[in-house]
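Take a look at the structure below.
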Amino acid sequence: MNSTWPKRTGWHSRTIRIGDSSFPYFFGADCVGEIVDRLTELDTDLLIVVTDDTVRALHGELFDRLTARLPTHVLTHPAGEGMKTLACLSHHLDAAVIAGATRRSVVVSVGGGVPGNLAGLMAGLLFRGVRLVHIPTTTIAAMDSVLSLKQAINTPVGKNGVGMYYTPTAIFTDVRFFATLPARELRSGLCEMAKNALAIRPAALPPLRAAIADGELSDPAVLSWLLEASIDAKSAVTREDTYERGSGLVLEYGHTTGHAIELCDHRARGGDGLGHGAAIALGMLVAAHISHARGWLSDDEVSTHYEVVTGLGVPPSLPGTVRVADVLRVVADDNKKGYLAPDPDSLPFVLLRGLGEPARTGDLPLVPVALTEIRAALDVISANSTARQLVRAPGSQNEAGGAPWTW
């Protein structure tokens, strides 16, 4: 293993502080037993476990141990964004009450960001608030979504339109869970960690690039380091920003167009559409091109974006199912509207003046970006023929060893 990486993989914890809220994050390798032991200490009458069909099939040992030790009611659903709807939320709330949930019950999410968001909203609504525990089983959930108090579901208009802020009691994960992820999903999920490095902690870029080059991204020690690096980066901008409406808005880097690309592709291809991390990676490339066009990012800094994104296995171009015009229509409803003075021809955007240096309007890491600028940047990445002329990073080939950067 590269000596850059710490070799600590035992069970340990970090305290996450977000504004006035704090909660422990326990993680390690081969620690399912410790996770179940911690859950038994919660003095609960019922665990309401929110998961999806895929996760339940993959992590039978965890579910078997939970049901053997604690009263448990599992609520599952076919995997995908179809879970993040008012209909699914309503069904799960009814099912929890029918199963006997009380104010002593604990809602436990097991899975990725989708079950986590749904469970967080359920916990906040049941009896006006019951305890919430996250057990993330994907890199994107473990390193990003659970490190926030934001809980939300989608509306027909866009992503995360209905939600609340709600504090978990604890987070538990075993980095061995991530071994069940397909290689593309594992690497795609690390795109949110890459976002933290590019926008907040550029000092984390050299070890990240080393792991990509060495092909060590699935090593438990590397995953533990990546998780700790994500915790450090997110904590740095949310410690004094509970609702991520100030300094924490930098975490939206890549999300304005990334969310729109993700939604458009899922409308076209359903469950075969882009994963969240891959879509955010494309959104970061859009933001990098806008910043470069303004003279804020150098050629080398844009190339660093491409090196990291392609190294994580994400083709740096729009899927053929996604049209620039459709992305622009969805972008117009981005949920950051309102942070800056209204302007029908621009949107609030996270851009960089340098790696780790967000551009600001007053105290906010947001600047107005014209729709024409967004279109121009989308045009740059809309064709593979354009993107293939850019840097090809180590590890950019697909899992089968075929031609790089094809959808």
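The values are calculated or read from the model by the stated rules, or taken from the named source; none is laboratory data. Just so it is clear, the model here is predicted, and its values are computed rather than measured. Positions of Cβ are generated from backbone atoms using ideal geometry, with glycine treated the same way; all protein chains shown enter the neighbour counts.
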Problem - From the options ALA95, ALA101, residue that is touching a helix residue (DSSP H, G or I) at 6+ places or on another chain (Cβ under 7 Å) and in contact (Cβ under 8 Å) with a residue 12 or more places away in the chain - result: ALA101
Problem - Verdict on GLY295 being assigned to a helix (DSSP H, G or I) and out of contact with any strand residue (DSSP E or B) (no Cβ under 7 Å at 6 or more places or on another chain) - result: no
Problem - Positions within segment 61-86 being modelled with pLDDT under 95 and small (Gly, Ala, Ser), in sequence order - result: ALA79, GLY80, GLY82
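Residue-wise test of (1) in a helix (DSSP H, G or I); (2) in contact with a helix residue (DSSP H, G or I) (Cβ under 8 Å, 6 or more places away or on another chain); (3) acidic (Asp, Glu).
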{"position": "GLU192", "(1), (2), (3)": "yes, yes, yes"}
{"position": "LEU198", "(1), (2), (3)": "yes, yes, no"}
{"position": "PRO207", "(1), (2), (3)": "yes, yes, no"}
{"position": "ALA211", "(1), (2), (3)": "yes, yes, no"}
{"position": "SER218", "(1), (2), (3)": "no, yes, no"}
{"position": "VAL237", "(1), (2), (3)": "yes, yes, no"}
Handout entry: Subset of segment 10-60 that is without any contact (Cβ under 8 Å) to a residue 12 or more places away in the chain and closer than 19 Å to PRO115 by Cβ - its residue that is surrounded by the fewest Cβ atoms within 10 Å (Cβ to Cβ)
Key = GLY60
Handout entry: Members of segment 171-197 found to be of a type in the set (A, V, I, L, M) and crowded, with 22+ Cβ neighbours inside 10 Å, listed by number
Key = ILE171, VAL175, LEU190, MET193, ALA194, ALA197
Problem - Hey, ASP334 surrounded by fewer than 16 Cβ atoms within 10 Å (Cβ to Cβ) and in contact (Cβ under 8 Å) with a residue 12 or more places away in the chain or not - result: no
Problem - Candidates ALA119, ALA141 - the one that is in contact with a helix residue (DSSP H, G or I) (Cβ under 6 Å, 6 or more places away or on another chain) and assigned to a helix (DSSP H, G or I) - result: ALA141
